[in-house]
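This report concerns only the one structure given below.
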Amino acid sequence: MEKTACKQCPRRCGADRRNGWGRCGADDSIRIARIAPHYWEEPPISGTKGTGAVFFCGCPLHCVFCQNREISGGGAIGRIFSEEALAQAILGLQAKGCHSIDLITAGQYAQKLAPLLRALRPQLKIPIVWNSSGYETPETLLLLQGLVDVYLPDFKYYDSALSERMCAAPDYFEVASAALFEMVRQSGPCVFDADGILRRGTLVRHLVLPGHRRDSIALMEYLGAHFSPSQIRVSLMWQYTPPAQPIAGAPELSRRVPRFEYESAAQALKQFGFDGYLQGREAAKAAYTPGFAVSPEGDASGAFQF
């Protein structure tokens, strides 16, 4: 049983994914919702030609406001890829001129992806980006050492009562902060190429939520106390978009983030001297959430400001 009981994520649900679904919504296959150039990440990730985004199905966290809820629930959605087919798709994105390969919410597939990335390493000339919720185990991250160039983790919640309410994970901060230290250890300081593309390093994201500016400020203060501006970059996101239907138990999420709340978090970030990225309020719209049945064109990186 031990060999089949899945413990890849902090949920450690113990599912036998060969015969069913884990709590993350994944089985033993690699399921992917979308593979295409993507233009809506931070400027050093998307650049002018886009990042080669691979949107994996499923997620261990299941935040109640998830903007990718269409695919994060997992189950029999998306298309099943063999390791060989995925490797060819990644090389195809590189051939199209993408600045990076952006592996989005891939933690539940880490045991399969690590050997794939190792085999691809000699053929890849662009960085591999590990784009995650930040809710990662040390064991999973160690599988990726030397294979991931850029870590792009969310840093979502400070208060355990908030993370319990938003994603049934009261341990989120404890887990994500430990994961962040490991990511920074592996990646080292941020290194950019001549075109401003991030070749190596850790870029921490935080999405400001309506009604929770104090939690955002606490996270910025934590980053300021434990990391220096030479170690990480920070992206403070203003793109929260309320869902069409109210979220049960979270009435505050039915509105957008007002300027005062976002700017309070931004001020907390700036006092520590971090370099990074702020969003304008125009980012809070559905256009910045990709459709999973189409391949949108265009460059929306202007939503971010230095």
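Computed quantities for the displayed model
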read-out	value
Among ASP102, ASP16, ASP195, residue whose mean-square fluctuation peaks in a GNM of the chain (springs only between Cα atoms under 10 Å)	ASP195
Fully extended contour minus Cα-Cα distance, from ALA76 to ARG185, at 0.36 nm per residue	35.6 nm
Karplus (6.51, -1.76, 1.60) ³J(HN,Hα), θ = phi - 60°, over the range 121-133, in Hz, Gly and Pro reported as x	3, x, 9, 8, 10, 10, x, 8, 10, 9, 9, 9, 6
Virtual spin-label span in nm between SER160 and ARG118, 7 Å along Cα→Cβ	3.7 nm
Distant-in-sequence amide H partners of VAL204 (H built 1.01 Å from N, under 5 Å)	ARG233, VAL234, SER235
Extension gain (nm, one decimal) between GLU83 and GLU174, 0.36 nm per residue minus Cα-Cα	29.5 nm
Table column - 3J(HN,Hα) (Hz), the range 208-222, Karplus curve with 6.51, -1.76, 1.60, x for Gly and Pro	6, 9, x, x, 10, 5, 5, 5, 4, 4, 4, 5, 4, 5, 5
Residues in the range 136-180 reached by a label modelled at ARG69 [backbone nitrogen below 18 Å; 7 Å Cα→Cβ]	163-169
Residues whose placed amide H lies under 5 Å from that of GLY58, excluding near-sequence neighbours	SER72, GLY73, GLY74
In sequence order, calculated HN-Hα J values of the range 151-161 (Karplus, 6.51, -1.76, 1.60; Hz; x Gly/Pro)	9, 10, x, 6, 10, 8, 9, 9, 7, 5, 5
Contact order normalised by residue count of the chain, Cα under 8 Å, 6+ apart, percent	16 percent
Viscosity 1.567 mPa s, temperature 4 °C, Stokes-Einstein D of the range 103-178 from Kirkwood C-alpha radius, µm²/s	97 µm²/s
Net charge, GLU136 excluded, C-beta distance under 11 Å - Lys, Arg +1, Asp, Glu -1	-3
Amide H contacts of ILE30 (H built 1.01 Å from N, under 5 Å, at least 5 apart or other chain)	PHE81
Dipole of the chain, positive direction: furthest Cα of TYR157, GLN267, SER46, with charges on the beta-carbon	SER46
Unit Cα scatterers, Debye sum, the chain: log10 I(q)/I(0) for q = 0.14 Å⁻¹	-1.08
Magnitude of the charge dipole, the chain, Cβ model with Lys/Arg +1 and Asp/Glu -1, debye to 20	300 debye
Length-normalised contact order of the range 182-252 in % [C-alpha pairs under 8 Å, at least 6 apart]	35 percent
Span from the the range 105-120 Cα centroid across to the the range 172-251 one, whole angstrom	23 Å
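All of the numbers you see were taken from the coordinates with simple rules; none came from a lab. All values reported here derive from a predicted model rather than from experimental measurement. Heads up, the Cβs are rebuilt from the backbone with ideal geometry, glycines too, and the neighbour counts pull from every protein chain shown.
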